[in-house]
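Right, one structure below, let's go through it.
The values are calculated or read from the model by the stated rules, or taken from the named source; none is laboratory data. Since we're looking at a predicted model, the values are computed, not measured. We place every Cβ from the backbone using ideal geometry, glycine too, and count neighbours over all the protein chains shown.
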Amino acid sequence: MNVYLDSSFVVSLYLTDAHSQEARRRAPREAPFELTPFHLAQWAHALAQQEFRGNLTAEKAGQINGQFITDRAAGLLQEIALPEDAFSLCAELAQRYGSSLGMRTLDSLHVACALELKAERFWTFDERQGKLAKAVGLKIS
């Protein structure tokens with residue numbers, strides 16, 4: 001795998017937000033993308049949050065999720081297992097960078113997954129997550 005997408009990047013591909021145009025510009029050249037169960041859980045929560053906040057109707061959320069499912073079935077998004085050592089590496093990243101970068105557990109877990117999956121590039125719209133990815137040698141653009 002060359003590119004690892006964090007969940008916010010995946011969400012920006014399907015929901016319209018401030019980063020959607022950039023996400024959609026980059027993605028077609030690089031697909032297919034690998035998603036872990038962590039991505040899938042965050043996807044479900046992101047969609048539910050948009051509905052909860054009133055930004056999406058249940059019908060629209062269902063349509064967007066249907067496109068996500070269609071893209072998975074077409075092989076544009078491929079589900080893979082969460083790397084075995086992702087949580088231990090996540091803790092190591094927290095110990096090494098947490099006090100200087102202030103990232104959250106979910107941020108360091110994404111970066112740990114990217115490292116364990118041998119990604120070269122890390123796509124995110126989250127500033128702290130991007131700083132961590134860069135600190136560990138991942139290209140963030």
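Numbers at a glance
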quantity	calculated
Selection count, the stretch 127-141, where residues are free of Cβ contacts under 8 Å to residues at least 40 places away in the same chain and part of a helix (DSSP H, G or I)	8
Complete set of residues in the stretch 97-118 that are more than 14 Å from residue 38 (Cβ to Cβ) and either of a type in the set (Val, Ile, Thr) or in contact (Cβ under 8 Å) with a residue 60 or more places away in the chain (or both)	118
Failed item, numbered, when residue 98 is tested on (1) closer than 16 Å to residue 133 by Cβ; (2) within 17 Å of the chain's Cα centre (by Cα); (3) surrounded by 13 or more Cβ atoms within 10 Å (Cβ to Cβ); (4) not acidic (Asp, Glu)	(2)
Close pairs from the stretch 59-88: first in contact (Cβ under 8 Å) with a residue 24 or more places away in the chain, partner of a type in the set (D, E, K, R) and surrounded by 13 or more Cβ atoms within 10 Å (Cβ to Cβ), Cβ under 7 Å, at least 6 apart	77/71; 78/34; 79/72; 80/34; 83/116; 85/116; 86/116
Options 81, 86: the member that is within 25 Å of residue 112 (Cβ to Cβ), more than 12 Å from the chain's Cα centre (by Cα), at pLDDT 95 or above and surrounded by 18 or more Cβ atoms within 10 Å (Cβ to Cβ)	86
Residue identified as modelled with pLDDT under 95, touching a Gly at 6+ places or on another chain (Cβ under 7 Å) and surrounded by fewer than 16 Cβ atoms within 10 Å (Cβ to Cβ) among 128, 104	128
Of all residues in the stretch 109-123 being part of a helix (DSSP H, G or I) and more than 13 Å from the chain's Cα centre (by Cα), the one that is farthest from residue 6 (Cα to Cα)	116
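Okay, residues lined up against (1) assigned to a helix (DSSP H, G or I); (2) in contact with a strand residue (DSSP E or B) (Cβ under 9 Å, 6 or more places away or on another chain); (3) of a type outside the set (S, T, N, Q):
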position: 67; (1), (2), (3): yes, no, no
position: 87; (1), (2), (3): yes, no, yes
position: 107; (1), (2), (3): yes, no, yes
position: 125; (1), (2), (3): no, no, yes
